[in-house]
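Engineer: Handing you this structure, nothing more for now.
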Amino acid sequence: MFNVQFKIMNNGKKIPSIGIGTFTVTKETELTTALNEALKIGYRHIDTATFYQNEHIIGNVLNKWLTSGQVKREDLFVTTKLHIIDSFPEKVEEAVKASLEKLQLEYIDLLLIHCPVSCYVDENGGFVPAPTDHIGVWKKMEDEVDAGRVKSIGLSNFNMNQIEKIRASARIPPANIQVEIHPYHQQKKLREYCKKHDIVIVAYSSLGAPGVNHFYRAVGWHDHELPGVLTNPEIVRIAKKHKRSPAQIALRFALQLDLAVIPKSTNAERLKENFHIFDFDLSDEDMKDIEGLEQGIQTKIIDLKFLSPIITQHPEYPYKELIE
Ligand code: A2P
């Protein structure tokens, strides 16, 4: 097995620096095969969310590995996230119990508020922005830690001011935040803020989500043509120099920024490739060259307005860099 490194969160719990992302994988056979492959390779960190609609598939796979003794529960790290329609204080406990049932687990390692915008569902199944109560939701998440159903709690897609509001009133401070970070959108200020407050960052889309333009075109987002990270000439040059793939360079870059990563793949070779990032170093010069690729928020890939354009009008729509 390759050498897997961990990050230690502010509550003393360990989170493996690499996990498998599962967003968009909802086909049972595809996800089951990918997870079995990932577990064989040595992945122990699995990232899901109620919104991804695949917790039950993950639960079936984990149950087989756990009951056959191939893996111990304490060696697994499972993250799930409160759906935007469950981010209300009165819904947290029920949502956690529902996730646990689907995952067939006694506890969740890390529970995140998936995004700072809460929504209702209208009669046509559309998301309608609803008033939020982040502090109220957080208190209920703290109760879930007390009850032993959740080990660590954190946030996802929150900006610094939103994190700070929770941190200032929390009994249990956020241990983790999951946000988009890749060579074009490096979130330096947020990284500095998290370092200062001992919040481990898990980066999503750290490969720049190859294939995203195809996806956005398919859903009619023609305004969203994004440059590919893995085809960037600098990334390709550095990859050649290290005799690695561009994906390994993008992931290693994130690791050296002190982030954990959760690249999603359903391909056995790419799962192996993505896991094999602990036995080489990018030099300071490589890191500087990649840092020079920063293009700011306009190259952000995942935008909540994808759920519903009306979300941009929500007061907690998050994509602003605040706190000076
Ligand atoms: P696939 O599942 O066919 O491997 P992200 O997690 O950043 O959103 O990226 C997910 C996308 O990146 C998926 O389309 C996945 O496709 C692709 N991908 C994952 N690993 C690699 C890799 N090593 N090289 C190229 N593409 C990859």
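The values are calculated or read from the model by the stated rules, or taken from the named source; none is laboratory data. It should be emphasised that the depicted structure is a prediction, and the values quoted were computed from it without experimental measurement. Positions of Cβ are backbone-derived with ideal geometry, glycine not excepted, and every protein chain shown enters the neighbour counts. Side chains are part of the model used for accessible areas, which takes the heavy atoms of the whole protein and leaves out ligands, DNA and RNA. Shrake-Rupley method; radii C 1.70, N 1.55, O 1.52, S 1.80 Å.
Engineer: Please work out which residue is surrounded by the most Cβ atoms within 10 Å (Cβ to Cβ), limiting yourself to region 13-59 and to residues that are more than 21 Å from PRO174 (Cα to Cα) and of a type in the set (Ser, Thr, Tyr).
Structural biologist: Result: THR22.
Engineer: Looking only at region 242-267, which residues are free of Cβ contacts under 8 Å to residues at least 40 places away in the same chain, more than 10 Å from the ligand (Cβ to nearest atom) and out of contact with any Phe, Trp or Tyr (no Cβ under 8 Å at 6 or more places or on another chain)?
Structural biologist: LYS243, GLN256
Engineer: Answer yes or no: is there a residue in region 60-71 that is surrounded by 15 or more Cβ atoms within 10 Å (Cβ to Cβ), touching a residue at least 40 places away in the same chain (Cβ under 8 Å) and in a helix (DSSP H, G or I).
Structural biologist: Within region 60-71 (the criterion being surrounded by 15 or more Cβ atoms within 10 Å (Cβ to Cβ), touching a residue at least 40 places away in the same chain (Cβ under 8 Å) and in a helix (DSSP H, G or I)), the answer is yes, since at least one residue qualifies.
Engineer: Let me ask another. Go through region 117-163 and report how many residues are out of contact with any Leu (no Cβ under 8 Å at 6 or more places or on another chain), assigned to a loop (DSSP other than H, G, I, E, B) and within 16 Å of ASN176 (Cα to Cα).
Structural biologist: Residues meeting the conditions: 1.
Engineer: Another question, if that's okay. Could you say which residue among PRO210, PRO173, PRO183 is farther than 20 Å from HIS83 by Cβ and modelled with pLDDT under 95? Write out each step before concluding.
Structural biologist: On the way: PRO173 fails: modelled with pLDDT under 95; PRO183 fails: modelled with pLDDT under 95.
Step by step, each of PRO210, PRO173, PRO183 is checked, and only PRO210 is farther than 20 Å from HIS83 by Cβ and modelled with pLDDT under 95.
Engineer: To continue, here is another question. What single numbered condition from (1) in contact (Cβ under 8 Å) with a residue 24 or more places away in the chain; (2) surrounded by fewer than 13 Cβ atoms within 10 Å (Cβ to Cβ) fails to hold for TYR319?
Structural biologist: (2)
Engineer: Just give me the residues in region 183-200 being not aromatic (Phe, Trp, Tyr) and not in a loop (DSSP other than H, G, I, E, B), in sequence order.
Structural biologist: HIS185, LYS188, LYS189, LEU190, ARG191, GLU192, CYS194, LYS195, LYS196, VAL200
Engineer: May I pose another question? Pick out the one residue from ASP109, ASP75 that is without any contact (Cβ under 8 Å) to a residue 60 or more places away in the chain and of a type in the set (D, E, K, R).
Structural biologist: After ruling out the rest, the residue left standing is ASP75.
Engineer: Out of curiosity, is HIS182 more than 16 Å from the ligand (Cβ to nearest atom), open to solvent by less than 30 Å² (accessible area, probe 1.4 Å), touching a residue at least 60 places away in the same chain (Cβ under 8 Å) and in contact with a helix residue (DSSP H, G or I) (Cβ under 7 Å, 6 or more places away or on another chain)?
Structural biologist: Details: more than 16 Å from the ligand (Cβ to nearest atom): no; open to solvent by less than 30 Å² (accessible area, probe 1.4 Å): yes; touching a residue at least 60 places away in the same chain (Cβ under 8 Å): yes; in contact with a helix residue (DSSP H, G or I) (Cβ under 7 Å, 6 or more places away or on another chain): yes.
So HIS182 does not fit the description; no.
Engineer: Looking at this structure, is ASN10 over 29 Å from LEU307 (Cβ atoms), surrounded by fewer than 19 Cβ atoms within 10 Å (Cβ to Cβ) and either touching a residue at least 12 places away in the same chain (Cβ under 8 Å) or within 14 Å of the chain's Cα centre (by Cα) (or both)?
Structural biologist: Numbers: over 29 Å from LEU307 (Cβ atoms): yes; surrounded by fewer than 19 Cβ atoms within 10 Å (Cβ to Cβ): yes; either touching a residue at least 12 places away in the same chain (Cβ under 8 Å) or within 14 Å of the chain's Cα centre (by Cα) (or both): yes.
Spelling it out, ASN10 is indeed over 29 Å from LEU307 (Cβ atoms), surrounded by fewer than 19 Cβ atoms within 10 Å (Cβ to Cβ) and either touching a residue at least 12 places away in the same chain (Cβ under 8 Å) or within 14 Å of the chain's Cα centre (by Cα) (or both).
Engineer: Among (1) touching a strand residue (DSSP E or B) at 6+ places or on another chain (Cβ under 6 Å); (2) modelled with pLDDT of 95 or more; (3) part of a loop (DSSP other than H, G, I, E, B); (4) not polar (S, T, N, Q), there is one condition ALA203 misses while meeting the rest; what is its number?
Structural biologist: (3)
Engineer: Now a separate question. Can you give me the ranges of the helices (runs of 4 or more DSSP H) entirely in region 227-299 with at least 3 residues that are open to solvent by 20 Å² or more (accessible area, probe 1.4 Å) and among the charged types (D, E, K, R)?
Structural biologist: Correct list: 233-242, 268-275, 284-291.
Engineer: Only one of (1) over 19 Å from PRO16 (Cβ atoms); (2) within 18 Å of the chain's Cα centre (by Cα); (3) open to solvent by less than 60 Å² (accessible area, probe 1.4 Å) is not met by ASP109, so which one is it?
Structural biologist: Of everything listed in (1) over 19 Å from PRO16 (Cβ atoms); (2) within 18 Å of the chain's Cα centre (by Cα); (3) open to solvent by less than 60 Å² (accessible area, probe 1.4 Å), ASP109 misses just condition (1).
Engineer: Inside region 300-317, can you point out the residues that are in a loop (DSSP other than H, G, I, E, B) and over 16 Å from GLN186 (Cα atoms)?
Structural biologist: Within region 300-317, the first condition is being in a loop (DSSP other than H, G, I, E, B), and the residues that meet it are 300-303, 307-308, 314-317.
Those that are in a loop (DSSP other than H, G, I, E, B) and over 16 Å from GLN186 (Cα atoms): LEU307, SER308, HIS314, PRO315, GLU316, TYR317.
Engineer: If you don't mind, there's one more thing I want to ask. Any residue in region 269-291 that is without any contact (Cβ under 8 Å) to a residue 40 or more places away in the chain sitting within a Cβ distance under 7 Å of a residue that is assigned to a loop (DSSP other than H, G, I, E, B) and among the charged types (D, E, K, R)? List the pairs, counting only those 6 or more apart or interchain.
Structural biologist: So the pair list comes out as PHE280/ARG244.
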